[in-house]
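The values are calculated or read from the model by the stated rules, or taken from the named source; none is laboratory data. Source: prediction; values computed, not measured. Because the Cβ atoms are built from the backbone with ideal geometry, glycine has one as well, and the counts that use them run over all protein chains shown.
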């Protein structure tokens with residue numbers, strides 16, 4: 001998409017997400033219907049195949065807005081699952097596709113026996129896309145012999161699905177599921193940090209203490225400045241990851257972005273609630289819709305240790321003399 005088209009896409013997403021988040025009681029079926037009608041899940045599917053024909057930069061723009069509004073829907077999972085299923089040549093069904101971040105079990109031809117854990121909104125999915133060893137599979141949720149769903153602290157369902165000799169679509173795995181999941185979480189975290197920062201600034205400018213807004217006190221200004229730096233860093237890292245993915249090789253940038261996002265999320269959550277005087281968890285303010293998700297997103301698709309170890313291994317393999325040339329080479333191509 002061109003910059004102008006991406007702007008129109010962002011404006012559409014911003015309006016829709018704001019409306020959907022205005023009523024937190026909206027059930028999944030109604031929420032997903034409106035997202036599905038907007039066609040966001042097909043952002044990365046070529047126009048010739050009925051999709052948007054968008055780029056990872058377009059995905060980043062949409063997911064940032066979803067994070068900024070604290071959208072309680074598996075939009076990121078649907079985009080990644082639909083993209084991976086289409087790229088693998090699977091027949092992509094109508095309805096909601098989710099991801100299986102943790103897959104345990106075995107394949108016998110086109111039959112899967114095992115367990116998919118922590119599937120976002122798995123009970124509502126038509127299909128679940130997962131990587132089983134070196135194979136990518138798409139398995140019907142209706143084939144599950146057992147479905148167990150619990151809500152995480154943000155109120156979002158995570159499902160364990162058990163299968164016995166279930167029919168699946170199979171292709172070679174690219175190893176992208178973890179990486180693209182981490183990319184999606186980095187974009188969501190970038191947006192949620194922006195949203196939490198805006199709320200914190202608004203509160204600091206309206207909360208009167210000792211005869212003036214607390215935002216006038218240097219100590220509060222200092223922590224907000226650090227918060228703003230963290231949010232800006234994550235947004236830059238997520239944008240760099242999107243650009244690298246559009247170039248066809250973005251794992252290094254995604255690892256950097258997710259590691260940076262995870263680190264910033266903890267700072268952002270602590271600062272936002274500190275500025276709010278520990279009342280951000282109240283229903284009236286709604287800050288917790290963002291901060292709870294920030295905490296959870298930072299732990300999904302790789303925590304800080306996982307991505308730090310991957311980056312450390314990459315740097316060690318390059319050697320001291322090649323690290324800076326590799327960083328500049330990757331930066332120059334973007």
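Residues considered: 224, 259. Of these, the only one that is over 24 Å from the mean Cα position of the chain (by Cα) and either buried (at least 17 other Cβ atoms within 10 Å of the Cβ) or assigned by TED's automatic domain parsing to the domain that holds residue 55 (or both) is 224. Apart from one condition, residue 150 fits all of (1) surrounded by fewer than 18 Cβ atoms within 10 Å (Cβ to Cβ); (2) part of a helix (DSSP H, G or I); the exception is (2). At pLDDT 95 or above, in a helix (DSSP H, G or I) and either assigned by TED's automatic domain parsing to the domain that holds residue 191 or in contact with a helix residue (DSSP H, G or I) (Cβ under 9 Å, 6 or more places away or on another chain) (or both): does that describe residue 15? No, not satisfied. Residue count for the range 133-147 under the criterion of being surrounded by 21 or more Cβ atoms within 10 Å (Cβ to Cβ), out of contact with any helix residue (DSSP H, G or I) (no Cβ under 7 Å at 6 or more places or on another chain) and part of a strand (DSSP E or B): the result is 2. Scanning the range 99-123 for residues that are touching a residue at least 60 places away in the same chain (Cβ under 8 Å) and within 19 Å of the chain's Cα centre (by Cα) gives 99, 100, 101, 118, 121. Exactly one residue among 189, 201, 208 is over 19 Å from residue 266 (Cβ atoms) and surrounded by 16 or more Cβ atoms within 10 Å (Cβ to Cβ), and that residue is 201. The requirement of being in a helix (DSSP H, G or I) and out of contact with any helix residue (DSSP H, G or I) (no Cβ under 7 Å at 6 or more places or on another chain) is not satisfied by residue 256.
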